[in-house]
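Participant: Just passing along the structure, written as structure tokens.
No lab work stands behind these numbers, since they all come straight from the coordinates. Keep in mind it's a predicted model, so treat the numbers as computed, not measured. Cβ placement follows ideal geometry from the backbone for every residue including glycine, while neighbour counts extend to all protein chains displayed.
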Amino acid sequence: MPIAVHETLIEKERQYVMHTYARPDFVLARGEGMTLYDTDNRPYADWVAGIAVNALGYNDAGIRQAISSGLESGIIHLSNLYHNEPMIRLAEALVSLSFADRVFFANTGTEANEGAIKFARRAAYNAGKPAKTGLVTFSHAFHGRTMGSLSLTPKEKYQQPFRPLLPDVTVAEYNDIESARAAINDNTCAVIVEPIQGEGGVHMATPAFLHELRRLCDEHQAVLIFDEIQCGVGRTGELWAHTASGVTPDIMTVAKPLAAGLPIGAVLVKQWIADHISPGDHGTTFGGGPLVTTVARHVIERVSQPAFLAHVREVGQYLQDRLCEINSPLIAEVRGRGLMVGVEMRVDVAPVVKKGYQHGLLLVNAGTSVIRLVPPLIARKADVDHLVETLTTILEEMNG
């Protein structure tokens, strides 16, 4: 019997690619809307979206046109030694749609968080407080895997092999006001928090908690950083996840969905932060390139439309309502906002994810007990119905 194409490709991956991910035994080859297809043309309903990245799904006509438009100049890369119009236009759009006055472009979410750390440290240094270096993060947070952002990701499995990490980091309890009060003091340079935790289990910060963080940062002259890399850019049915709380940060980091799968990160800052940053303080070779920022501008213009955000809210509420109808003792709780929903299970979810592949369904976990649903934002109620029917079948099979 001849060897299947996917088996040949997977064997080559095992030979040539570093083993940092445990991938299932199929190779995805193309996509259309909410559906991905493997090399055997088997369809998979996608409730992962590249981990909250592919906001407009697959083979989107507008994205194809934006890429084509971005290539018309013949310039894919310039470096930051020179001005380029698409970067400027995207920065203008992000500022007009947010609290921010200035933007720094990077390539990834973890780079955006590294930039945010540096900008906060620089602001303290310029204020004549070089010893004001403390950073406060929260339990179950995920801010990235480079050394600075990893230092703010308090998961032993991720941190232990790479110590020593960045010093002066304090971990407080998420949504615990008293814990935050105990952690934030006059030596605190910055506080970083996800308004909705992604990998941490789809937990939402309460408005009271975020308001207290804002007050504490003001009291101790610390920078408040909101990490919206996963929960921002329309994911919650609002353009930014924090706006529902009424709390405004000093810095916000965004990335995942901003350029529809092309690599981008952005650090949005208030003017008082930008005033402390001078040429040479930070940099990037690829950040803000004309092709990527052309596509990102198209994404932000579409996702920020009121009708688009209303669709996310409507389908997101329908998703939670339908999930709550599943009569399974394996489900403990359904929570989330918009199209960022967590299904807390009473069992390890790894077998659920694996069975999903067998049923043509792509799922992703958030820790060991939560299924994280972060589909393309174009998901329809019919897609929700298919998900619920398939998940019901999977849970019935697991429960015997």
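Participant: Size of the dipole of region 73-303 about the Cα centre, Lys and Arg at +1 and Asp and Glu at -1 on the beta carbon, nothing else charged, in debye to 20? Walk me through the numbers before you get to the answer.
Facilitator: Working: 19 positive and 23 negative charges, 84 e Å.
Computed charge dipole of region 73-303: roughly 400 debye.
Participant: Still on this structure, I have one more. Counting Lys and Arg as +1 and Asp and Glu as -1, what is the net charge of the other residues whose Cβ lies under 13 Å from the Cβ of Glu13?
Facilitator: Its environment carries a net charge of 0.
Participant: While we're here: Pick from Gln271, Gln15, Gln221: which residue has the top mean-square fluctuation in a GNM of the chain where Cα pairs under 10 Å get a spring?
Facilitator: Between Gln271, Gln15, Gln221, it is Gln15 that shows the largest mean-square fluctuation.
Participant: Shifting gears a bit: For region 1-61, state which chymotrypsin sites (Phe, Trp or Tyr not before Pro) are in a DSSP loop and have at most 14 other beta carbons lying within 10 Å of their beta carbon.
Facilitator: On the way: sites: Tyr16, Tyr21, Phe26, Tyr37, Tyr44, Trp47, Tyr58; in loops: Tyr21, Phe26, Trp47.
Here the sparse-neighbourhood loop sites are Tyr21.
Participant: To the nearest Å, what is the center-to-center distance of region 226-247 and region 125-184, using C-alpha atoms only?
Facilitator: Here the answer is 21 Å between Cα centres.
Participant: Tell me, Kirkwood radius of region 73-303 from alpha-carbon pair distances, in Å? Mind showing how you got there, number by number?
Facilitator: Details: mean 1/r = 0.0565 Å⁻¹.
By the Kirkwood definition, the hydrodynamic radius is 17.7 Å.
Participant: Could I ask something else about it? What Kirkwood radius, in Å to one decimal, follows from the Cα pairs of region 213-334?
Facilitator: Details: mean 1/r = 0.0588 Å⁻¹.
Kirkwood hydrodynamic radius for region 213-334: 17.0 Å.
Participant: Sticking with this structure for a sec: Take peptides 101-111, 248-258 and line them up by average Cβ neighbours within 10 Å, highest first, as a rough protection proxy. Please report the intermediate quantities before stating the final value.
Facilitator: Numbers: 101-111: 22.3, 248-258: 27.2.
Put in order of decreasing packing, that is 248-258, 101-111.
Participant: Taking the Cα centre of region 256-362 as the origin, how large is its charge dipole in debye, to the nearest 20, when only Lys and Arg (+1) and Asp and Glu (-1) carry charge on their Cβ atoms? Write down the numbers at each step before the final one.
Facilitator: Values: 11 positive and 9 negative charges, 40 e Å.
With Lys and Arg at +1 and Asp and Glu at -1, about 200 debye.
Participant: I need the semi-axes of the equivalent ellipsoid of the chain: take the C-alpha gyration tensor, multiply each eigenvalue by 5, square-root it, list largest first in whole angstrom. Can you show the working numbers first?
Facilitator: Working: eigenvalues 233, 137, 87 Å².
Working through the eigenvalues yields semi-axes of 34, 26, 21 Å.
Participant: Below 15 angstrom from the Cβ of Ser68, what's the summed charge of the other residues (Lys, Arg +1; Asp, Glu -1)? Write out the running numbers ahead of the final one.
Facilitator: On the way: positive: Arg64, Arg297; negative: Asp60, Glu72.
That sum, taken over residues with Cβ under 15 Å, equals 0.
Participant: Counting only other residues whose beta carbon sits under 13 Å from that of Phe162, what net charge do I get with K and R as +1, D and E as -1? Working shown, then result.
Facilitator: Numbers: positive: Arg145, Lys155, Lys157, Arg163; negative: Glu156.
So the environment of Phe162 carries a net charge of +3.
Participant: Choose one of Ile300, Gly74, Ala241: the residue whose Cα lies farthest towards the positive end of the charge dipole of the chain (beta-carbon charges +1 Lys, Arg; -1 Asp, Glu; about the Cα centre).
Facilitator: Gly74
Participant: Still on this model: For the chain, modelled as a GNM with alpha-carbon contacts under 10 angstrom, which of Gln65, Gln320, Gln197 fluctuates the most?
Facilitator: Maximum among the listed residues: Gln65.
Participant: So how do 122-128, 311-317, 238-244, 76-82 stack up, highest first, on mean other-Cβ count within 10 Å? Show your work: numbers first, answer last.
Facilitator: Details: 122-128: 15.9, 311-317: 18.4, 238-244: 20.7, 76-82: 11.6.
So the order, starting with the most tightly packed, is 238-244, 311-317, 122-128, 76-82.
Participant: Which GluC sites (Glu not before Pro) from region 1-90 combine a DSSP loop assignment with at most 13 other Cβ atoms within 10 Å?
Facilitator: Values: sites: Glu7, Glu11, Glu13, Glu32, Glu72; in loops: Glu72.
Taking region 1-90 and a limit of 13 other Cβ atoms within 10 Å, the loop GluC sites (Glu not before Pro) found are Glu72.
Participant: Restricting to DSSP loop positions (anything but H, G, I, E, B) with no more than 13 other Cβ atoms inside 10 Å of their own Cβ, which trypsin sites (Lys or Arg not before Pro) remain in region 316-357? Kindly include the intermediate steps, with their values, before the conclusion.
Facilitator: Values: sites: Arg322, Arg335, Arg337, Arg346, Lys354, Lys355; in loops: Arg346.
Taking region 316-357 and a limit of 13 other Cβ atoms within 10 Å, the loop trypsin sites (Lys or Arg not before Pro) found are Arg346.
Participant: Then there is this: Given +1 on the Cβ of Lys and Arg, -1 on the Cβ of Asp and Glu, and no further charges, what dipole in debye does the chain carry about its Cα centre, rounded to the nearest 20? Before the final figure, lay out the partial values.
Facilitator: Working: 35 positive and 44 negative charges, 112 e Å.
Around 540 debye, computed over the chain.
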